[in-house]
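Structure first, then comments.
The values are calculated or read from the model by the stated rules, or taken from the named source; none is laboratory data. What you see is a predicted model; the values in this text were computed from it and never measured. Positions of Cβ are backbone-derived with ideal geometry, glycine not excepted, and every protein chain shown enters the neighbour counts. Ligands, DNA and RNA are excluded from the accessible area calculation, which covers all protein heavy atoms including side chains. Shrake-Rupley method; radii C 1.70, N 1.55, O 1.52, S 1.80 Å.
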Amino acid sequence: MTDLKPPFHIEHIGSFVRPDRLLDAARKHKAGALDDAAFTAIQDDCIREIVAFQEETGLKSITDGEFRRRSWSAGFIDSVAGFGLREEGVLTFKDEKKGDWGAAASPYAKEKLRRKHPIVADDFRFLKQVVTKGVPKVTVASPPVMHFFLGPRAVDDSVYPDIEEYYSDLAAIYREEIDDLAQEGCTFFQLDETALPCNCDDGARAGVAARGEDPDKLTDRYVRLINDSISNRPKDMFVGLHMCRGNLKGAWMAEGGYEPIAEKCFGGLDVDALFLEYDTPRAGDFAPLRFVAPGKTVVLGLVSTKTPELESKDELKRRIEEAAKYMPIERLALSPQCGFSSGGGSGQVITQDDTKRKIELMVEVVDAVWGGV
């Protein structure tokens, strides 16, 4: 462990492409052909390797690659009793080749929610033991994700007749987790948020209105929900919020700039850093950054994990300078727009070698723009 403290001018979102042997072990474990101890040992080895990879490439915030969970949101859903899944949602995944992929499964409360066991606190305990050159970071799906895509159908009415009770139970679960993380010494906590940026999409906003909700009032409520969920974090715990419009093997869910949510979110969220997707025109321009509250860092997600194509160093520098028209460049940073793994399993659109090249590019840009991380 070092004395480094975030924010860093180079960042990443959290996930990395899972090694084939980890995927094979997960399949065998699910089928009952590999016991818990053997599976954990393989996870441990793969995490040691991805930690070393991050440290060697120059990253300063270090995750376990999300190697212990099925997918980015599964860590939360699998740790909380009461959730079911519905194969529906206000948005579907789409790409430029295959078109509409359909809706991803969305969580709903079929019973009262209860945290069965720590979500990432146990994972953090191992991670902090193997990190030597950076700051261990944990990532958790953000609470609005557990509501937005299904809206009123995110709960069974007989279980939660009042949606406020559902929000209250959700926030309490996050506070319990933060208490455990604080006990373990965690100083970098990141929420991964798809609901708020998807609430910028015209189609999604129309769908929200059609189901009887006001998209702007949802933004207000989600800001309060997030703030309530992290209200007990200790002063030395740096909290980031990553905003993403969906990332599944090159596909996305939403488009539209941050303007519909910017004033309420960029000014009203009690987080230290905003990790903002900005790799394509689907995310809009940088003008909404004018609403970022003083003291907050904005991490510009300019490098795409949806394609192996390497970005132009000069173009990245130009876009950082463009963003700096709206807030001080000292409070800007650079990252990919999302995690390097998009979905958790096979069929990824980039390889570990692509990942390495993209991180090396970011290191070069950060050296050129800020003189180092």
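What to note about this one:
- Any pair with Cβ under 9 angstrom, 6 or more apart, that starts in the stretch 167-179 at a residue that is more than 20 Å from PHE238 (Cβ to Cβ) and ends at one that is of a type in the set (Phe, Trp, Tyr) and at pLDDT 95 or above: ASP169/TYR160
- Scanning the stretch 268-309 for residues that are open to solvent by 40 Å² or more (accessible area, probe 1.4 Å) and free of Cβ contacts under 8 Å to residues at least 60 places away in the same chain gives ASP270, PRO281, ASP285, ARG290, PHE291, PRO294, GLY295, THR307, PRO308, GLU309.
- The single condition from (1) closer than 27 Å to SER341 by Cα; (2) touching an Asp or Glu at 6+ places or on another chain (Cβ under 8 Å) that ASN232 fails is (1).
For (1) touching a Phe, Trp or Tyr at 6+ places or on another chain (Cβ under 7 Å); (2) open to solvent by less than 10 Å² (accessible area, probe 1.4 Å); (3) not β-branched (Val, Ile, Thr), each residue gets a yes or a no:
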| position | (1), (2), (3) |
| --- | --- |
| ALA105 | no, no, yes |
| ARG115 | no, no, yes |
| LEU127 | no, yes, yes |
| VAL140 | yes, yes, no |
| ARG205 | no, no, yes |
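- Test: residue in the stretch 267-275 that is touching a Ser or Thr at 6+ places or on another chain (Cβ under 9 Å), modelled with pLDDT under 95 and of a type outside the set (A, V, I, L, M): no
- Hits in the stretch 4-60 - residues which are of a type in the set (Gly, Ala, Ser) and open to solvent by less than 60 Å² (accessible area, probe 1.4 Å): GLY14, SER15, ALA25, ALA26, ALA38, ALA41, ALA52, GLY58
- The single condition among (1) of a type in the set (Ser, Thr, Tyr); (2) in contact with a Leu (Cβ under 7 Å, 6 or more places away or on another chain); (3) more than 18 Å from ILE13 (Cβ to Cβ) that TYR278 does not meet is (3).
- Which listed residue, of ARG21, ARG70, ARG48, ARG27, is assigned to a helix (DSSP H, G or I), in contact (Cβ under 8 Å) with a residue 40 or more places away in the chain and charged (D, E, K, R): ARG48
- The listed residue being touching a residue at least 24 places away in the same chain (Cβ under 8 Å) and not polar (S, T, N, Q), out of ALA324, ALA262: ALA262
- The set of residues from the stretch 111-139 being in contact with a Ser or Thr (Cβ under 9 Å, 6 or more places away or on another chain), hydrophobic (A, V, I, L, M, F, W, C) and either outside any loop (DSSP other than H, G, I, E, B) or more than 25 Å from ASP64 (Cα to Cα) (or both) comprises LEU127, VAL135, VAL138.
- Candidate set: the stretch 209-249, residues that are within 16 Å of the chain's Cα centre (by Cα), of a type outside the set (D, E, K, R) and assigned to a loop (DSSP other than H, G, I, E, B); chosen: the one surrounded by the most Cβ atoms within 10 Å (Cβ to Cβ): ASN247
- So VAL155, is it touching a Leu at 6+ places or on another chain (Cβ under 9 Å) and at pLDDT 95 or above: no
- Top-ranked residue of the stretch 233-290 - restricted to ones that are of a type in the set (Lys, Arg) and in contact with a helix residue (DSSP H, G or I) (Cβ under 7 Å, 6 or more places away or on another chain), ranked as farthest from LYS217 (Cα to Cα): ARG233
- Hey, LEU91 among the aliphatic types (A, V, I, L, M), touching a residue at least 12 places away in the same chain (Cβ under 8 Å), open to solvent by less than 10 Å² (accessible area, probe 1.4 Å) and more than 21 Å from GLU177 (Cβ to Cβ) or not: no
- Test: ILE173 is in contact with a Ser or Thr (Cβ under 6 Å, 6 or more places away or on another chain), over 20 Å from LYS217 (Cβ atoms) and either open to solvent by 10 Å² or more (accessible area, probe 1.4 Å) or at pLDDT 95 or above (or both): no
- Scanning the stretch 252-266 for residues being open to solvent by 40 Å² or more (accessible area, probe 1.4 Å) and either touching a strand residue (DSSP E or B) at 6+ places or on another chain (Cβ under 7 Å) or in a helix (DSSP H, G or I) (or both) gives a total of 4.
- Residue in the stretch 175-189 that is in a loop (DSSP other than H, G, I, E, B) and closer than 15 Å to LEU241 by Cα present: yes
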